[in-house]
Amino acid sequence: GEKITYSFKESSRKMLVEYYQRNPYPTSEEKAIIAEAASLTKVQVSNWFKNKRQRDRAKS
């Protein structure tokens, strides 16, 4: 089957980080737009934001 990889392309990651800095809580529509722009699925985008928020909380 298809190999699942948990690291995104550098360009996708940059895009996610930039969006995150502007808004850590994107709406469902925003996630769809981000996913499209970053060539990811909406689920991947949702999970990335969720994990990023958790990691940022853990730091503070």
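Any read-out appearing in this document is the output of simple, stated calculations on the displayed coordinates, not a laboratory observation. Everything quoted here is computed from the prediction, not taken from an experiment. Every residue, glycine among them, receives a Cβ derived from its backbone with ideal geometry; neighbour counts consider all protein chains shown.
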What's the angle, to the nearest 10 degrees (0 to 90), between helix 10-22's Cα axis and the longest principal axis of the chain?
-> 30 degrees
On a 0 to 90 degree scale, rounded to 10, what angle separates helix 28-38 from the longest Cα axis of the chain?
-> 60 degrees
Going by alpha carbons, how many degrees (0 to 90, nearest 10) lie between the helix axis of 42-59 and the longest principal axis of the chain?
-> 30 degrees
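Are there trypsin sites (Lys or Arg not before Pro) in the chain that DSSP marks as loop and that have at most 14 other Cβ atoms within 10 Å, and which are they? Walk me through the numbers on the way to the answer.
Numbers: sites: K3, K9, R13, K14, R22, K31, K42, K50, K52, R53, R55, R57, K59; in loops: K3, K9.
For trypsin sites (Lys or Arg not before Pro) across the chain that sit outside H, G, I, E and B with at most 14 neighbouring Cβ atoms in 10 Å, the list reads K3, K9.
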Ranked list, fewest to most other Cβ atoms within 10 Å of each Cβ, for F8, F49 = F8, F49
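Please report E10, E30 as a ranked list, fewest other C-beta atoms within 10 angstrom at the top and most at the bottom.
Values: E10 8, E30 14.
Neighbour counts put them in this order, fewest first: E10, E30.
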